[in-house]
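The values are calculated or read from the model by the stated rules, or taken from the named source; none is laboratory data. Model, not experiment: these values are computed from the prediction. Counting neighbours? That spans all protein chains shown, and the Cβs are built from the backbone with ideal geometry, glycine included. For the accessible areas, the whole protein counts, side chains as well, though only heavy atoms, and no ligand, DNA or RNA atoms are used. Shrake-Rupley method; radii C 1.70, N 1.55, O 1.52, S 1.80 Å.
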Amino acid sequence: EDQVTQSPEALRLQEGESSSLNCSYTVSGLRGLFWYRQDPGKGPEFLFTLYSAGEEKEKERLKATLTKKESFLHITAPKPEDSATYLCAVQSNFGNEKLTFGTGTRLTIIP
Amino acid sequence: ETGVTQSPTHLIKTRGQQVTLRCSSQSGHNTVSWYQQALGQGPQFIFQYYREEENGRGNFPPRFSGLQFPNYSSELNVNALELDDSALYLCASSPGTGYSEAFFGQGTRLTVV
């Protein structure tokens with residue numbers, strides 16, 4: 001069974017203080033690893049897809065990286081508007097295109 | 001290009017009732033998936049529809065059922081509602097081409113009292 005574990009559960013940072021969020025996974029053949037951002041009471045907003053170990057993708061202050069066992073979401077010089085829950089999900093090569101999610105990291109950026 | 005839209009946005013039902021939630025997929029997307037997200041948890045896969053056929057199901061009882069229509073919009077039906085069914089229900093659509101991102105709607109907040 002596919003599993004995703006995210007850490008930490010919650011993270012409070014001062015504005016401008018860089019950090020990383022971790023996503024550890026086990027999957028029977030990785031088709032893709034996805035990062036989403038979710039604001040309270042809203043649906044997840046797509047950020048990145050990573051397909052193979054060594055791949056990296058960037059968007060504004062966010063950078064996602066992937067190894068064979070985990071992914072990191074690096075946030076550089078965050079701003080208060082980056083406060084949200086960040087969700088990691090994996091998709092397996094086998095079966096349908098379902099996503100298996102972690103429980104997320106709730107990020108708060110303090111001005 | 002329109003995104004994924006869900007209706008209604010909020011709903012309150014009584015235990016034992018039935019509910020129908022609706023989803024319009026993003027233009028050009030033929031695959032729709034439904035997820036249940038309890039408070040403080042990640043979304044849990046309910047089932048997926050591809051070209052009007054169910055294409056996989058998660059660990060949810062048969063009282064959770066669905067439909068996909070020729071225009072690829074979809075419905076989620078839940079019978080005999082239980083208090084634990086209170087959650088945010090999310091619909092996601094994707095092009096259904098294998099390596100494809102899923103795009104989510106804003107969700108329907110269901111409260112069962």
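Laid out as a table, the results:
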quantity	calculated
Matching strands (runs of 3 or more DSSP E) fully within region A:30-111 where at least 1 residues are more than 27 Å from residue B:89 (Cα to Cα)	A:56-59, A:62-66, A:70-75, A:105-110
Residue list for region A:25-59, filter: more than 10 Å from the chain's Cα centre (by Cα) and among the polar types (S, T, N, Q)	A:26, A:28, A:38, A:52
Selection status of residue A:47, at pLDDT below 95 and out of contact with any Cys (no Cβ under 6 Å at 6 or more places or on another chain)	no
Failed criterion for residue A:37 (all others in (1) more than 9 Å from chain B (Cβ to nearest Cβ); (2) of a type in the set (Lys, Arg); (3) open to solvent by 50 Å² or more (accessible area, probe 1.4 Å) hold)	(3)
Answer residue from region B:96-111, given it is part of a strand (DSSP E or B) and under 12 Å from residue B:36 (Cβ atoms) and is most open to solvent (accessible area, probe 1.4 Å) among those	B:109
Residues of region B:78-93 satisfying the condition of being among the polar types (S, T, N, Q) and within 21 Å of residue A:41 (Cα to Cα)	B:86, B:93
Matching residues, region B:26-67, being at pLDDT below 95 and away from chain A (no Cβ under 13 Å)	B:27, B:28, B:52
Subset of region A:75-96 (residues that are within 7 Å of chain B (Cβ to nearest Cβ) and free of Cβ contacts under 8 Å to residues at least 40 places away in the same chain)	A:95, A:96
Residue identified as open to solvent by 50 Å² or more (accessible area, probe 1.4 Å), touching a strand residue (DSSP E or B) at 6+ places or on another chain (Cβ under 6 Å) and basic (Lys, Arg) among A:63, A:42, A:68, A:59	A:63
Residue match in region B:85-95 (condition: part of a loop (DSSP other than H, G, I, E, B), over 23 Å from residue A:39 (Cβ atoms) and open to solvent by 50 Å² or more (accessible area, probe 1.4 Å))	no
Strands (runs of 3 or more DSSP E) within region B:1-73 that include 1 or more residues at negative phi and open to solvent by less than 50 Å² (accessible area, probe 1.4 Å)	B:5-7, B:10-13, B:19-24, B:31-37, B:44-50, B:64-68
Matching residues, region A:5-29, being open to solvent by 20 Å² or more (accessible area, probe 1.4 Å) and within 11 Å of chain B (Cβ to nearest Cβ)	A:5, A:9, A:10
Criterion: under 11 Å from the mean Cα position of the chain (by Cα) and among the small types (Gly, Ala, Ser) - qualifying residue of B:86, B:33	B:33
